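The values are calculated or read from the model by the stated rules, or taken from the named source; none is laboratory data. Please read these numbers as outputs of a predicted model, since none were measured by experiment. Cβ atoms come from the backbone with ideal geometry, glycine included; neighbour counts cover every protein chain shown. Surface areas here come from the heavy atoms of the whole protein model, side chains and all, with no ligands, DNA or RNA. Shrake-Rupley method; radii C 1.70, N 1.55, O 1.52, S 1.80 Å.
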Amino acid sequence: MRQLGQGFLLSLQPELHDMNETNKGFIQLHLSVMLAGFTGLFGRLITLNEVDIVWYRMVFTSAILLVFTGLPKVGWRKFLQLCGCGALLGFHWILFYGSIKASNVSIGVICFSLIGFFTAILEPLIYKRRLSWTELLFSLITVAGVMCIFSFDARYRYGIMIGVVSSAVCALYAICNKKVSVGVRSRTVLMYQMSGGLVLVSMIIPLYLQVFPSQQPVVVIPSGTNLWLMLCHSLFCTVAMYLLQIQALKRLSAFTVNLSYNLEPCYTIILAFLIFGEGREINFSFYIGIGLILLSVLLQTKRAWSR
């Protein structure tokens, strides 16, 4: 009997290990989502142009990571892949802040909720697997929520269009990041994404300004409050947040991670209501939309845990 009991416990070890890894992944994921909730607020509080915000965010983040990680050796192919992911992330940031500047914090972060929809379509194409109708259904619930939210005011259509493209770029980043970060330490991944991506983003910026002319001065050196806000933004909402996200991606699917980031708007909107008084601009359909987005996240979380 004792041997049978020991054998039964040994047979359960792989399953228990997988369960512990999944739980750890969810803890890391939701900590990163909470930190991400402050990103939109920083985009509103920092008075620089969206291009300057992204460029300095990558500069400060690269400097912080360089102090803690140095320059670990990776192969040239891996280095170029990480730089490419960094460029996608930087481009997403530019569009994300551009959406906030063209509308408001709530609209900018709600557009981000479409990341699950784009992931449900792009991930099967990149990984060459069958489309999951369940994932597509959950993401369409989010789309329905976003449509309810956007019905409340037509003034923000320009910001909405930029935000939709931003979410598509971010979905592509998360999928590619999961693929190229295999076998590389999280800090090393983020270090080369920030530093290598900075070079490529610097090349993207002139083209972006041609398509979306800026209403603010470009190439402004941050000082005073802007400088401190940028440093906090880089340390907490970039280094800490993306390290947690990269670690979560090693344990969870890209779709689960991206769909869970639909909770980011909920955190951000509550803070925006309290700090900026944006609740005065919202009507009942907005709250219906938020409810649908929350429903899609809860359904996918339950599905991932039950596997």
>> Given an 8 Å cut-off on Cα distances and at least 6 residues of separation, report the relative contact order of the chain as a percent.
In response: 37 percent
>> Connecting C-alpha atoms closer than 10 Å in a GNM of the chain, tell me which of L252, L31, L274 has the biggest fluctuation.
In response: L274
> Top mean-square fluctuation among V180, V143, V67, Gaussian network model of the chain, C-alpha springs under 10 Å?
Replying inline: V67
>> Please report the carbon-and-sulfur percent of the accessible area for the chain; probe 1.4 Å, protein heavy atoms only, DNA, RNA and ligands left out.
In response: 70 percent
> Among (1) 31, 22, 18; (2) 29, 22, 19; (3) 32, 26, 17, which is the computed semi-axes √(5λ) of the Cα gyration tensor in Å?
Replying inline: (3)
>> Give the lysines whose C-alpha is closer than 27 Å to that of K178, dropping any in the same chain fewer than 8 places away, or say none.
In response: K24, K73, K78, K128, K250, K302
>> Given a Förster distance of 25 Å, report the FRET efficiency between W133 and K179 from their Cβ-Cβ distance, rounded to the nearest 0.05.
In response: 0.60
>> Could you order the peptides 46-54, 122-130, 85-93 from most to least packed, using the average number of other C-beta atoms within 10 Å per residue?
In response: 85-93, 46-54, 122-130
> Membrane-span-like helices in the chain: DSSP H runs reaching 30 Å or more (Cα, own axis), mean Kyte hydropathy at least 1.0?
Replying inline: 157-180, 186-211, 284-305
> When the chain is modelled as a GNM with alpha-carbon springs shorter than 10 Å, which of A63, A120, A102 fluctuates the most?
Replying inline: A63
> In nm, to one decimal, how far is the V218 label point from the S285 one, both placed 7 Å along Cα→Cβ?
Replying inline: 3.5 nm
> Given 0.36 nm per residue, what is the gain on full extension from L271 to T225 after removing their alpha carbon distance, in nm?
Replying inline: 14.6 nm
>> At 222 nm, what value in deg cm²/dmol follows for the chain if DSSP H runs of at least 4 each add -39500 (n - 2.57) and the sum is divided by all its residues, to the nearest 500?
In response: -26500 deg cm²/dmol
